[in-house]
Structures are given as C-alpha cells and as structure tokens.
Amino acid sequence: MLALTEVAENPSVLTSRLTLDDGSHVVFRPLVHGDAEGLAGFLGGLSGETRRMSPFDGYGLVAATELCDAIARYDKLRLVVEDVVSGGIVGLVEFGFDVVAGDVARYREAGIGLGATDCRFGVTLADDHQGRGVGSRVFPLVADVARRFGRKRVILFGGVLAENARAIRYYEKNGFRAVGSFTGGDGARSLDMVLDLDA
C-alpha cells in the first residue's frame, strides 16, 4: 500500500502519459514543490464559472505555494494534469484520505458509514480542456490511486452542485451514484455521490 511520503520522494510511482481524443498528450503526475508558479497560472486562469463549481481558497501564487508546501504534510494528495507541448498545468486532482465530520454525518443520514477505507476526491480542469475527454482518460488512474492507498470507496469533496449537469454525468459514467443532497451555506443544493471501487 502506498504512503504519501513515498509519492513525495518518488513521484514517478503515480506518473502516466495519456493520449486525448484529439491526439494530444498529457501527463498525469503528483504535484511537486517546483509546481508553484505553474499551479498559480492554472488557478489564475480559471473562469468565474469554473471557480464557482470548483472553489479553492485562493487563485494566485500564495495559494499555489501553500498547496505545494502541504505535500506529504497532511492527509492530501494532489496530482496535476500537464500538457506535454506547453508544459502547462491544465488540471488538478485532489484526494483527501481522512473523512471529515460533516461528511460522516451526511452520509450516515443516507445509511452509509464512512471510515478508514474511504477517501474524498475532486477534479478541476482548465476551461479550455473541459469537454475534451481529459476527465474520462484520467479517471481510471484516479480509481487506481485510491486502490493503491487501500481505499474501497470514493466520495466527492463537498459534493457536486446539483445544477452542474456535466459533472454529474461524468461521475455517473464513472460509476458514482447519488446517495443524498444538502444545501450549502450559500443556499446552493449539492449532491453527495459515492463510488464503490469493488463493485
């Protein structure tokens, strides 16, 4: 079973090259300390709509540096999707290997007990890479990462906005099922979805 320190010391253990539907190539790999500027460029380039659907604590160099400084320090694993030609980061995949109290309580209401073999997951793509098959190519690797960390189920970070039909279709296509809904502090309705990796 992999550990976060192993990935930090040897990112190649989770590095893969992928061919997209249009023939272009991307690399899926762990975030490394030298990615701060590239990650800042990615975050800063996200449209207002993408930021609303997939919010971060910040969108500049400070926020990007904090994410890079957090490598192997907490329960998070972050991987990037990097365009081979430009070398730019065009996607960010996040795992949380500790489930939080709010998630535990919500899923309990849906009859699902969360524990040590569950993890949280979220993906954000650059606007010009949405709808290009990136998510579909990356997802088998996402499932593999979860399994290599000993996880059997995957839930979504903060759920998915109920109005985000494209994301819901993506999750359903990859085996997630909706198990409940909740209203966030901003009044927006979101769905909780879960993927059973053993199914």
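The values are calculated or read from the model by the stated rules, or taken from the named source; none is laboratory data. Predicted model, so just to flag it, every value in this text is computed and none were measured. All Cβ positions, even for glycine, are placed from backbone atoms using ideal geometry, and neighbour counts span all protein chains on display. Heads up: the accessible areas ignore ligands, DNA and RNA and are worked out on the full protein's heavy atoms, side chains in. Shrake-Rupley method; radii C 1.70, N 1.55, O 1.52, S 1.80 Å.
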- Task: May I ask you to verify whether D35 is modelled with pLDDT of 95 or more and either basic (K, R) or open to solvent by 50 Å² or more (accessible area, probe 1.4 Å) (or both)?
- Result: no
- Looking only at the stretch 39-60, which residues are open to solvent by less than 30 Å² (accessible area, probe 1.4 Å) and of a type in the set (A, V, I, L, M)? L39, A40, L43, L46
- Single residue of the stretch 161-178 satisfying the filter (at pLDDT 95 or above and in a strand (DSSP E or B)) that is nearest to L191 (Cα to Cα): A178
- Query: Before we move on, is G96 touching a Leu at 6+ places or on another chain (Cβ under 6 Å) and touching a residue at least 60 places away in the same chain (Cβ under 8 Å)?
  - Reply: no
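Can you tell which of G58, G23, G91 is closer than 22 Å to R137 by Cα, assigned to a loop (DSSP other than H, G, I, E, B) and not β-branched (V, I, T)?
Working: G58 fails: closer than 22 Å to R137 by Cα; G91 fails: assigned to a loop (DSSP other than H, G, I, E, B).
Unique residue meeting the criteria: G23.
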- Query: On the given criteria, is R108 within 20 Å of L31 (Cα to Cα) and open to solvent by 10 Å² or more (accessible area, probe 1.4 Å)?
  - Reply: no
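Is it the case, given these coordinates, that F139 is in contact with a Cys (Cβ under 9 Å, 6 or more places away or on another chain) and hydrophobic (A, V, I, L, M, F, W, C)? Break it down stepwise before answering.
On the way: in contact with a Cys (Cβ under 9 Å, 6 or more places away or on another chain): no; hydrophobic (A, V, I, L, M, F, W, C): yes.
No.
Under the condition of being assigned to a loop (DSSP other than H, G, I, E, B), open to solvent by 30 Å² or more (accessible area, probe 1.4 Å) and among the small types (G, A, S), which residue from the stretch 116-149 is farthest from L46 (Cα to Cα)?
Narrowing the stretch 116-149 to residues assigned to a loop (DSSP other than H, G, I, E, B): 116-117, 126, 130-133, 149.
Filter once more, so that each one left must be open to solvent by 30 Å² or more (accessible area, probe 1.4 Å): 116-117, 130-132.
Within this subset, residues satisfying the condition of being among the small types (G, A, S) are 116, 131.
Working: A116: 33, G131: 15 Å.
So, considering only residues that are assigned to a loop (DSSP other than H, G, I, E, B), open to solvent by 30 Å² or more (accessible area, probe 1.4 Å) and among the small types (G, A, S), the one farthest from L46 (Cα to Cα) is A116.
Take G102 and decide whether it is over 26 Å from L2 (Cα atoms) and outside any helix (DSSP H, G or I).
Working: over 26 Å from L2 (Cα atoms): yes; outside any helix (DSSP H, G or I): no.
In short, no.
Looking for something farther than 30 Å from V85 by Cα, among the charged types (D, E, K, R) and within 13 Å of the chain's Cα centre (by Cα) - is there at least one such residue anywhere in the stretch 169-179? Write out each step before concluding.
Step one: of the stretch 169-179, the residues farther than 30 Å from V85 by Cα are 172, 175-179.
From the residues that got through so far, the ones that are among the charged types (D, E, K, R) too are 172, 177.
Adding the requirement that they be within 13 Å of the chain's Cα centre (by Cα) leaves none.
Scanning the stretch 169-179 turns up no residue that is farther than 30 Å from V85 by Cα, among the charged types (D, E, K, R) and within 13 Å of the chain's Cα centre (by Cα).
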- Task: Tell me which residues, restricted to the stretch 88-105, are within 21 Å of G159 (Cβ to Cβ) and either aliphatic (A, V, I, L, M) or surrounded by 20 or more Cβ atoms within 10 Å (Cβ to Cβ) (or both).
- Result: G91, L92, V93, F95, V99, V100, A101, D103, V104, A105
- Message: On the basis of being assigned to a strand (DSSP E or B) and either among the aliphatic types (A, V, I, L, M) or farther than 29 Å from A40 by Cα (or both), does V154 make the cut?
- Response: yes
- Just wondering, is there one or more residues in the stretch 107-119 that are within 15 Å of the chain's Cα centre (by Cα) and under 28 Å from F176 (Cα atoms)? yes
- Task: Please list, ordered by first then second residue, the pairs with beta carbon atoms under 6 Å, 6 or more apart or interchain, first in the stretch 164-186 and touching a residue at least 60 places away in the same chain (Cβ under 8 Å), second of a type in the set (D, E, K, R) and open to solvent by 30 Å² or more (accessible area, probe 1.4 Å).
- Result: F182/R106
